[in-house]
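See below for the structure under consideration.
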Amino acid sequence: MHKQAELILNWKKSKGTISPMLYGHFAEHIGGVFYDGIWVGEDSPVENIHGFRKAFIESFRKLHPPVLRWPGGCFAETYDWRDGIGPREKRPRRAGWWYYEDRRVETNQVGTHEFMELCRLVGAKPYIAANMTTTTPLSIRNWMEYCNLPAGETTLSDERAANGSPEPFGVEYWGIGNENWGGGGHMTPEKCVQEYLRYSTVCRSLGLPEQKYILCGANGHDYAWTRRVMQECRAQLGTEAPAWGLGTHYYCQTAGTPQNFTGEQWYQQLFQADRMREIIQNHRAAMEEFDPDCRMGLVIDEWGCWHQEGTGPSKGRNLFEQQSTMRDAMVAALTLNLFNNSCDVVWMANVAQLCNNLHSLYLAGGEHLAETPNYHVFHMFQTHMGARQIHAEVNCETLQEDGFRPLETLSASVSETAERITLTLANLDRENPQCVRLLDADGQCTGSGTMTILQHEDLHACNSFEAPRTVVPVQRPITLAKGGSVEVPPAGIVSIVLKKS
Ligand code: AHR
């Protein structure tokens, strides 16, 4: 049965520019993300560019990734950056953070220079998540000096040049700490702020004004943590902003398994994903009292679905590896629409994780590379990056579930640049198509362009090494007249890009 929905557009109302940084990524040294995922090594029979899987680089480039967070996650908490520089054959083998889970030894073949090369190859800005748990402020300051000072200036910057990179890396984004409420030292919010200030004060003494620091924030919906962090910052610094951004991580826990879920579990997963709306609002509200001018942004530097592992192609060898279906793609679409519509308060977001792990965009191993349905969502949404967000109110059927806000069955966001208008619509209803009427008093959402549709009649379908193109988008031309409608198939995601005349 066709459902009717409306999208009411107001071109005069906008939350501002959709920062490309909302479309950021995260690659941790965990399981198969790097080794035999993204990185195969220069001597590998697998085609590679400076050790990175060539097919992956070529595909990832197409997303114009704005920023890549590295090397953890929890991995950061026992990472010594000096292990990852110098001749690769001489680098130490370590029992990194995740050794307790899978007994995989960290070979440090990917270190700072390789990570910078990866960023250069795909055009992303590096975001280094630094260890605040088991190292010293001086060690992190040294890492910054190594990365960012010009060659000839200090012994550390000369060491970088001697290791093959005479030009400074210019790393702007530095996370100080990761999940300090948990694996990152089980700190209280007050202790976390004090430690952060100890580290960041020492690092700031390098005098690099363009550095953007990210203070570790709350676990999901722990709004009390944010409030106490802000209170402690006020107590320590008065009105001075402590950081560029305040991080938070939110994963929606699995309902069913990645590929085996009921109709009810389809919606349970989406209710959880929609909680991101409340997470953004409530963390911002907790910050508001202490930061009314929004000098500090929210950085959601880990997000995605956390399903049962062992369902990816490595059959459990790669820690946390999971398959992705249209349900995960729907979570991605819903989340990216929420970020677009909160671009005034969310300044960066990083989907976890890039390859062979949670909510991944890629599955890779041996000769193989498959783009997951999540990849296609990022591809379809990319024209929002850097565009002006347009206020778009949704009128549609909602669903109820105890403990959650009503879930709108249509998720949408709209943006414009001088050249184009982008609309992204996701129909959460798994059974019924929705006919979305565009109520646009100004008649601006008209003209011709392209419509891309991601959908599969089997919601459990996925892209595997054997069948990597099972769930792929299709494209067709579209012309919209004033007051026109768009049909979105059940469990379908649509992006429309109209050329401005
Ligand atoms: O993404 C996997 C892990 O999830 C990260 O290492 C950690 O930060 C989070 O708990």
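Considering the zone a paramagnetic label at GLU367 would reach in this model (a point 7 Å from Cα along the Cα-to-Cβ line), which residues of segment 315-329 have amide N under 20 Å from it? The answer is 315. Taking the number of Cβ atoms within 10 Å of each Cβ as an exposure proxy, the fewest-first ranking of CYS355, CYS396 is CYS396, CYS355.
What you get for segment 375-501, charging only the Cβ of Lys and Arg (+1) and of Asp and Glu (-1), is a dipole of about 640 debye around the Cα centre.
The radius of gyration of the Cα set in the chain, together with its Dmax, comes out at 22.4, 70 angstrom. Around the Cα centre of the chain, unit charges on the Cβ atoms of Lys, Arg, Asp and Glu (plus for the first two, minus for the last two) sum to a dipole of about 660 debye. Looking at segment 129-263, what % of the alpha carbon pairs are farther apart than 19 Å? The share of Cα pairs beyond 19 Å in segment 129-263 comes to 56 percent.
Here's the picture: a label point sits 7 Å out from the Cα of ALA441 along the beta-carbon direction, and within segment 382-396 the residues with their amide nitrogen under 18 Å of it are 390-395.
Annotation for segment 140-176 versus segment 178-196: alpha-carbon center distance of 27 Å. Between THR154 and GLU466, the contour length at 0.36 nm per residue exceeds the Cα-Cα span by 107.2 nm.
Under 5 Å between amide hydrogens, built in the peptide plane, is the criterion, and for LEU206 it picks out nothing among residues at least 5 positions away or on other chains. Think of the chain as having a plus end and a minus end, set by charges on the Cβ of Lys, Arg, Asp and Glu; of GLY247, ALA285, VAL436, VAL436 sits farthest toward the positive end of this dipole. Partners of LYS3 within straight-line reach, counting lysines whose Cα lies under 25 Å from its Cα and excluding those fewer than 8 residues away in the same chain: LYS482.
Is the shape of segment 429-501 rounded, prolate or oblate, going by the alpha carbon gyration tensor and its root eigenvalues a ≥ b ≥ c, with a/c under 1.5 for rounded and a/b larger than b/c for prolate? It comes out oblate by the Cα gyration axes. The residues PHE465, PHE169, PHE339, when put in order of fewest to most other Cβ atoms within 10 Å, stand as PHE465, PHE169, PHE339. Taking every DSSP bridge with both residues inside the chain, close to 55 percent are antiparallel. Shown is the FRET efficiency for GLN231 and ASP80, computed with R0 = 30 Å from the Cβ-Cβ distance and rounded to the nearest 0.05: 0.35. Rounded to 0.05, the FRET efficiency of the ASN260 and GLU393 pair, given R0 = 41 Å and the Cβ-Cβ distance, is 0.70.
At full extension, THR134 and ASN10 could sit 39.6 nm farther apart than now, given 0.36 nm per residue minus the alpha carbon distance. By DSSP, the beta bridges lying fully in segment 336-477 are antiparallel in about 95 percent of cases. A simple spin-label model places pseudo-atoms 7 Å from Cα toward Cβ; at GLU240 and GLU278 they are separated by 3.7 nm. Could you sort out which of LYS125/LYS500; LYS13/LYS212; LYS125/LYS212; LYS12/LYS500 sit more than 19 Å apart by Cα distance in this structure? Distance filter (> 19 Å) returns LYS125/LYS500; LYS13/LYS212.
Computed over the Cα atoms of segment 183-282, what is the convex hull's projected area averaged over all directions, in nm²?
That works out to 8.4 nm², a quarter of the Cα hull's surface.
Extension gain, LYS54-ARG405: 0.36 nm per intervening residue step, less the Cα-Cα distance, totals 122.0 nm.
Using C-alpha pairs under 8 Å with a sequence gap of at least 6, the mean separation divided by the residue count of the chain gives a relative contact order of 19 percent. Per residue, the chain reaches -8000 deg cm²/dmol at 222 nm when only DSSP H runs of four or more residues are counted, each adding -39500 (n - 2.57). Straight-line cross-link partners of LYS499 among the aspartates and glutamates, defined as a Cα under 19 Å from its Cα and at least 8 positions apart when in the same chain: GLU416, GLU419, ASP440, ASP442. Simple spin-label estimate for ASN219 and ASP293 gives 3.5 nm between the two label positions (7 Å along the Cα-to-Cβ direction from each Cα).
FYI, it's all coordinate maths here, none of it is from the lab. Treat the numbers as computed from the prediction; the structure is a model and nothing was measured. Here Cβ is always computed from backbone atoms with ideal geometry, including for glycine, and neighbour counts include all displayed protein chains.
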